[in-house]
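Read through the structure below, which is laid out as structure tokens, and then see the notes.
The values are calculated or read from the model by the stated rules, or taken from the named source; none is laboratory data. Everything numeric in this text was worked out from a predicted model, so none of it was measured. So basically every Cβ, Gly included, is an ideal-geometry build from the backbone, and we count neighbours across all protein chains shown. What goes into the accessible areas is simple: the full protein's heavy atoms, side chains included, and nothing from ligands, DNA or RNA. Shrake-Rupley method; radii C 1.70, N 1.55, O 1.52, S 1.80 Å.
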Amino acid sequence: MATAERDLRAADTPRGPIDVACFSTFAAVHVVPALVTARERYPDLRLSLRELEPPEALSALRARRCEVAVCYSYNLTPTPAPDELTVHPLVVEPVFLVLPTDHACASATHRSGVDLRHLTDAPWIVGSREDGSAALVRRACAVAGFSPRIAHAVDGYQLVLRMVAQGLGVALVPQLVAHAHDPSPDITLRPVADTDLTRAVYAMTHSSLGARPPVDAVLDLLRPPPPGDAH
């Protein structure tokens, strides 16, 4: 009975290799701390990070090159989850308009929200992937009644923020970007008026991996703590 009890405890202990495919901003803020905690809490769990954007992460998951894929979807441009995969919600965060600090719409009078119609002639900076922030900008501006003037398409939020700081355009960025990158005092984040813009971040796994201690442990580590929770 003692041997069986030890075997049962061992079966419930997270162990073995688990590869997590994740995009850079969530990886910087949440996966890196998860790697550190996993090393201390689960010495037999070998957690590895693969930095991949959602389409590549999903492909890696389908090809069994990773066990967990962290992806996201904007509320205005939702992405249906594949039927063969299990979705594990992680966090829903607001999306903000980022402007040069000296822009008229960055003033305190717009603290509660900026009407995008004030930016009909503004140059916009979007991500280089059409299925990401570019699609969100086009949809958000369409809701406001105009087509945005896309001036730049770049790969990486750090570059987006630097370009906005230099007055080269305006952009939409998730709240997590402000945590992953130290924003310059030359930029200001404002909510968008009259339109609820959010980004849902979630993990996906193969349904066959459900209730496996290593995967469950990783998913628990990836979930951000509730607001106000110091732990």
- Query: To the nearest 0.05, how large is the calculated FRET efficiency for Ala104 and Ala153 if R₀ is 25 Å and r is the Cβ-Cβ distance?
  - Reply: 0.50
- Task: Please calculate the 1.4 Å probe accessible area of Cys141, with all protein chains present, and give it to the nearest 10 Å².
- Result: 0 Å²
- Task: Sticking with the crude label model, points 7 Å out along Cα→Cβ, report the distance from Arg129 to Arg39 in nm, one decimal please.
- Result: 2.7 nm
- Query: Using only Cα atoms, what is the ratio of the radius of gyration of segment 19-73 to 2.2 N^0.38 Å?
  - Reply: 1.11
- Task: Let me have the 222 nm mean residue ellipticity of the chain computed from DSSP H runs of 4+ only, each contributing -39500 (n - 2.57), with the sum over all residues rounded to the nearest 500.
- Result: -8000 deg cm²/dmol
- Exposed-loop-free span, longest in the chain, where trypsin sites (Lys or Arg not before Pro) count as exposed if DSSP calls them loop and at most 12 other C-beta atoms lie within 10 Å: 112-231
- For the chain, what relative contact order do you get, as a whole percent, if you take Cα pairs closer than 8 Å and at least 6 residues apart? 30 percent
- Item | Spacing of the two label points (7 Å from each Cα toward its C-beta) at Gln166 and Ala193, in nm | 3.1 nm
- Message: Using protein chains only and a probe of 1.4 angstrom, how many square angstrom of Glu84 are accessible, to the nearest 10?
- Response: 90 Å²
- Query: What spacing in nm lies between the two simple spin-label points modelled at Leu49 and His118, each 7 Å away from Cα in the Cβ direction?
  - Reply: 3.6 nm
- Task: Under 11 Å from the Cβ of Cys66, count the other residues' Cβ atoms, weight Lys and Arg +1, Asp and Glu -1, and hand me the total.
- Result: +1
- Whenever you get a sec, compute what percent of the accessible area on the chain sits on carbon and sulfur atoms (1.4 Å probe). 52 percent
